[in-house]
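To start, the structure under review is shown below, and the notes come after it.
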Amino acid sequence: MVAYHRSSALHVYVLAVSAVGLCLVVLLAIGDGPATLLDQPPLFWVLVASLVVVESLPIQSKVSGGTQQATTAEAFAFAILLGWGTTAAVFALALAVLVSEVLRRAAPEKILFNVGQYALLMGVAGGVYELLGGDRPLTALDVPVFAVAALVYFVGNIVLVGVVTTLAHGRDFVADLKECVRAEAWPYAMVFGMAPIMLAVAEQSIGLLPLVLLPMFAVRDALRTAEEADEHRIAAEQAAEQAEQVAAEHARLAEAEHALVERLRESDRLKDDLLAAVSHELRTPLAGMLGALATLSAREGQLTEPQRQELIDMAARQGDRLKLQIEQLLLAARLERSGHDPAEQPVVDAAALARDAVAAARVAYPARQLVLEAREVLPVRADPEAVLQVLSELLDNAAKHAPDKAPIRVEARRAGALAVLAVEDSGPGVPAADRERIFERFTQLDSGATRRAGGVGLGLYIARQLANAQGGELLLADPIPPAQGARFELRLPMAELAFRRPG
């Protein structure tokens, strides 16, 4: 669709310029009459013939897209303008362009456009020259006026061609205009400067005109050199830009490779940690269970019933402990691979889940004092089993670290758009440097209570992953009021804002 509009706009523009230029030719012909043009001296026709020849033999310079053409025909056209007026210059230039385009077998639309374009440019330039008082023959006083007319022609030419380039290829018109002025101004200044010299020499003697043509070859070479130098500059800029892009891509690939190496190193480190945790932590309950069973087998007839029951209970406890650790490892691996959409979870009362977690903890830790504060319904969209598992982990941690007689506080309250479930103890707390590290995999702080309780350092990691899967977050906060101990908060979006991530 864009290409179609651009093609249509270009077609309309070409027709408009062609029509205006050709109408100007017709009006000038009607105004001055063909007889006036035909009744010109031989010098005029020599310059016209030279104009046609030079226009038909443009300068060919190699560019990246093929070849580019330039010409010094404007020097002859402006010599005719200075010697015989605007009408003669318009007809001479239009004739030269027509002959050159026909010889090159250009398309009819291109022929009409080029003839109309250059006729229009010469007509406007000649009109400016005559309007500003330019006279024939040319005198020193007329040079500034001539310079203005040449400037109008030059700028008008690059503007008309720039519009074609913009409509045909979608280029930046202003940028192209500036670039053309920078690259072509000086060569074309030499072309225009040759016009009055050529006219003065030819009026002195037609036989001297070939001598003037010699500097024209130097001007042609200057034009070709300027075109090729500009093309080399553009090619160099493109090469530099491509080199920068390649360098940037290499830097990006190097950075990506470095990040991959770091991830692989981290993966190796985690594997080593996992192997160390599995080899050490899983061995303890397994050894206890196997030891109890071996004692039962070796001393079957020597044990009293209470002793036999104690060994059986010990083996069962160690088996449950081993089962829990294996389940934690499997759950951690599953959470790494799977994703969860909070929008698919049911709406539950977070306060009721806190009460259920406290009830279960009272059974597991009958000697502990658990204090629950939950005064309102807290609807959240979450998996109830996941929330209970998070609270259970937090309560287990609190029971391990809090002093024996100190209470463990559980709080369920609303904080803006969030439901906050907090578990707070008065134990030794967590050092500031470890507040985030404790949520990493296989991390255990150097605490005697924790080491005695065993574990693979996955409890808080799994709890945070479960919290994130519900669209919430688990973090370590400061106790309320400020005191010694640790306060963990599970923050979940309220049901009406369940899709909004907490800030």
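The values are calculated or read from the model by the stated rules, or taken from the named source; none is laboratory data. Computed from a prediction, not measured in an experiment: that's the story for all the values here. Note that each Cβ is placed from the backbone with ideal geometry, even for glycine, and that neighbours are counted across all protein chains shown.
Filtering segment 457-489 down to residues that are of a type outside the set (Gly, Ala, Ser), part of a loop (DSSP other than H, G, I, E, B) and crowded, with 17+ Cβ neighbours inside 10 Å, which residue is nearest to the chain's Cα centre (by Cα)? Steps first, answer last, please.
We begin by selecting, within segment 457-489, every residue of a type outside the set (Gly, Ala, Ser); these are 458, 460-462, 464-466, 468, 470, 473-476, 478-482, 484, 487-489.
Checking which are part of a loop (DSSP other than H, G, I, E, B) leaves us with 458, 470, 478-482, 484.
Imposing the further condition that a residue be crowded, with 17+ Cβ neighbours inside 10 Å reduces the set to 458, 470.
Details: LEU458: 39, GLN470: 32 Å.
Of everything passing the filter in segment 457-489, GLN470 is nearest to the chain's Cα centre (by Cα).
Inside segment 137-173, residues that are more than 19 Å from MET122 (Cα to Cα), assigned to a helix (DSSP H, G or I) and out of contact with any helix residue (DSSP H, G or I) (no Cβ under 9 Å at 6 or more places or on another chain) make up a count of 2.
Being of a type in the set (Gly, Ala, Ser), touching a residue at least 12 places away in the same chain (Cβ under 8 Å) and outside any helix (DSSP H, G or I) narrows it down to one residue among GLY123, GLY127, GLY134; which is it? Steps first, please.
Working: GLY123 fails: outside any helix (DSSP H, G or I); GLY127 fails: outside any helix (DSSP H, G or I).
From the options GLY123, GLY127, GLY134, the qualifying one is GLY134.
Would it be correct to say that THR87 is among the hydroxyl-bearing types (Ser, Thr, Tyr) and modelled with pLDDT of 85 or more?
Working: among the hydroxyl-bearing types (Ser, Thr, Tyr): yes; modelled with pLDDT of 85 or more: yes.
In short, yes.
Inspection of segment 130-153 finds no residue satisfying the criterion of being surrounded by 18 or more Cβ atoms within 10 Å (Cβ to Cβ), over 30 Å from LEU38 (Cβ atoms) and either touching a Pro at 6+ places or on another chain (Cβ under 9 Å) or of a type in the set (Gly, Ala, Ser) (or both).
Among the criteria (1) surrounded by 18 or more Cβ atoms within 10 Å (Cβ to Cβ); (2) modelled with pLDDT under 75, the one THR166 does not fulfil is (2).
Out of curiosity, is GLY21 of a type outside the set (A, V, I, L, M) and modelled with pLDDT of 85 or more? So GLY21 fits the description; yes.
Matching residues to (1) surrounded by 13 or more Cβ atoms within 10 Å (Cβ to Cβ); (2) modelled with pLDDT of 75 or more; (3) within 30 Å of PRO137 (Cβ to Cβ):
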residue	(1), (2), (3)
ALA183	yes, no, no
LEU199	yes, yes, yes
LEU211	no, no, yes
GLU227	yes, no, no
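Checking ASP425, ASP383, ASP396 one by one, the residue that is acidic (Asp, Glu), closer than 14 Å to LEU490 by Cα and in contact (Cβ under 8 Å) with a residue 12 or more places away in the chain is ASP383 and no other. Among the residues of segment 252-274, at least one is touching a Phe, Trp or Tyr at 6+ places or on another chain (Cβ under 6 Å), modelled with pLDDT under 65 and surrounded by 14 or more Cβ atoms within 10 Å (Cβ to Cβ).
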